[in-house]
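K.L.:
Pasting a structure here, questions to come.
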């Protein structure tokens, strides 16, 4: 039997893959949040950043190739994250055929109990978000190449901003448990530094949630227009 | 004191099972929880009814036989004790107490509150042997063990295999149990030769028993009467990765 098969077949191997792909996806949302903050620097800077993502590495890398390689990597990470989750979920689903009359709730918080629900919310939102901001087919006034306009016009709609905010908060809960859980699944523990894993998870969760939420708030209050 | 007990009654593994209500008077707050159940059973026997089946052996918290879920908490509401170490003074007069067996596919109900925990034995069995020199008794301290490793190995070895971790886990996962069994040998020099292959085979057996997987909730360590830490789960994850990918 090949080593990779032994690894993947194990529930722990799948958890480690969830942690590694989760790390990739977390790295993406964090840099995406930082990139979004460029909206505060004005239309020119923001659009140059959007175009910069397409022309990254030029002339060595042809125009758009870097972005597509990046997207394929992200889609691959998402597929592995979801497939291993579905396989593990099926395993857990059968593990307690009859539940407790009195619910056992010794878990340490809401975030760990809402991982699967949060994941579904996030994936659904990402599908909508791509149609809204990247493809533009559900956007009221989508202009190809004018990311700043698409952002500002897109978030001027109150329901859109509310749905976005709910998704960002769901992402926050997911990251709060997910980042800590990643350290644990990857076996990254040391008696001296263990308590810092929760601190790290909370700090990055707050950074991502606050960073993302500043955009619709700034648009609603006219700071970005 | 008087209490109301809602007890899970199930004749055998195939029986549907149901809660039955018992109003128990004359409960002394100095009674242990199991003594209170003994009194209940005596009155049931006197009435010609079937007594409530529950497991117990040492009644001093070291054998791991007596687990049950008491009002939503494995081994009851107190931390770091087993059911037999719980006393009725932890409950208030007139309280309604729900008694349920460990609920997991890998722990089929034998009768009432008794479950079959052989699945845990099968995990231990698949750990196999450790390579040690046999023959004349070795000199004391011939193998040096760092103090911190000795302490951590001992903490892991404190696991009594009661199954509270599985009962508490929202996924009915046996990761805390397995990690403790893997760690108490894996932390010692005597356990090194088969350290990684042992982790791989014990996890494979664990996965086959019908337990769920670990989502790092930490409910297990809260429920554990021996306060075993989920740090050992992180160590197991590491050993499994090394073992599986190196072909151990």
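K.L.:
Kindly check whether there is at least one residue in region A:151-166 that is within 14 Å of chain B (Cβ to nearest Cβ) and either farther than 30 Å from residue B:215 by Cα or in contact with a helix residue (DSSP H, G or I) (Cβ under 9 Å, 6 or more places away or on another chain) (or both).
P.N.:
In the first step, residues of region A:151-166 are kept if they are within 14 Å of chain B (Cβ to nearest Cβ); the result is none.
Looking for residues that are within 14 Å of chain B (Cβ to nearest Cβ) and either farther than 30 Å from residue B:215 by Cα or in contact with a helix residue (DSSP H, G or I) (Cβ under 9 Å, 6 or more places away or on another chain) (or both), one finds none in region A:151-166, hence no.
K.L.:
Would you please name the residue that is nearest to the other protein chains (Cβ to nearest Cβ), looking only at residues in region B:100-120 that are touching a helix residue (DSSP H, G or I) at 6+ places or on another chain (Cβ under 8 Å) and within 16 Å of residue B:15 (Cβ to Cβ)? Break it down stepwise before answering.
P.N.:
Initial filter on region B:100-120 (touching a helix residue (DSSP H, G or I) at 6+ places or on another chain (Cβ under 8 Å)): B:102-104, B:106-107, B:120.
Narrowing the set further to residues that are within 16 Å of residue B:15 (Cβ to Cβ) leaves B:103, B:107.
On the way: B:103: 6, B:107: 10 Å.
Result: B:103.
K.L.:
Is there a residue being within 14 Å of chain B (Cβ to nearest Cβ), within 30 Å of residue B:73 (Cβ to Cβ) and part of a helix (DSSP H, G or I) anywhere in region A:68-85?
P.N.:
yes
K.L.:
Continuing with the same structure: Between A:33, A:18, which is farther than 30 Å from residue B:244 by Cα and in contact with a helix residue (DSSP H, G or I) (Cβ under 7 Å, 6 or more places away or on another chain)? Break it down stepwise before answering.
P.N.:
Numbers: A:18 fails: farther than 30 Å from residue B:244 by Cα.
Of A:33, A:18, the one residue that is farther than 30 Å from residue B:244 by Cα and in contact with a helix residue (DSSP H, G or I) (Cβ under 7 Å, 6 or more places away or on another chain) is A:33.
K.L.:
Among the residues of region A:136-144, is any touching a helix residue (DSSP H, G or I) at 6+ places or on another chain (Cβ under 9 Å) and under 20 Å from residue A:14 (Cα atoms)?
P.N.:
No, region A:136-144 has no match at all.
K.L.:
Residues in region B:126-142: is at least one within 29 Å of residue B:23 (Cβ to Cβ) and either within 14 Å of chain A (Cβ to nearest Cβ) or surrounded by 11 or more Cβ atoms within 10 Å (Cβ to Cβ) (or both)? Outline the logic, then answer.
P.N.:
So the first thing to find is which residues in region B:126-142 are within 29 Å of residue B:23 (Cβ to Cβ), and the list is none.
No, there is no match, as no residue in region B:126-142 is within 29 Å of residue B:23 (Cβ to Cβ) and either within 14 Å of chain A (Cβ to nearest Cβ) or surrounded by 11 or more Cβ atoms within 10 Å (Cβ to Cβ) (or both).
K.L.:
Still on this model: Just checking, how many residues over region B:1-13 are in a loop (DSSP other than H, G, I, E, B) and away from every other protein chain (no Cβ under 13 Å)?
P.N.:
Of the residues in that region, 4 qualify.
K.L.:
When you check residue A:100 against the structure, is it at pLDDT below 95 and either more than 9 Å from chain B (Cβ to nearest Cβ) or outside any helix (DSSP H, G or I) (or both), yes or no? Steps first, answer last, please.
P.N.:
Working: at pLDDT below 95: yes; either more than 9 Å from chain B (Cβ to nearest Cβ) or outside any helix (DSSP H, G or I) (or both): yes.
Yes, satisfied.
K.L.:
Would a scan of region B:160-168 turn up a residue that is in contact with a helix residue (DSSP H, G or I) (Cβ under 8 Å, 6 or more places away or on another chain), away from every other protein chain (no Cβ under 14 Å), within 22 Å of residue B:113 (Cα to Cα) and touching a residue at least 60 places away in the same chain (Cβ under 8 Å)? Show your work before the answer.
P.N.:
Initially, region B:160-168 is screened for residues in contact with a helix residue (DSSP H, G or I) (Cβ under 8 Å, 6 or more places away or on another chain), giving B:161, B:163-168.
Narrowing further to those that are away from every other protein chain (no Cβ under 14 Å): B:161.
So of that shortlist, the ones also within 22 Å of residue B:113 (Cα to Cα) come out as B:161.
Next, only the ones that are touching a residue at least 60 places away in the same chain (Cβ under 8 Å) stay: B:161.
Looking through region B:160-168, at least one residue is in contact with a helix residue (DSSP H, G or I) (Cβ under 8 Å, 6 or more places away or on another chain), away from every other protein chain (no Cβ under 14 Å), within 22 Å of residue B:113 (Cα to Cα) and touching a residue at least 60 places away in the same chain (Cβ under 8 Å).
The values are calculated or read from the model by the stated rules, or taken from the named source; none is laboratory data. What you see is a predicted model; the values in this text were computed from it and never measured. Glycine gets a Cβ as well: all are built from the backbone with ideal geometry, and neighbour counts include every protein chain shown.
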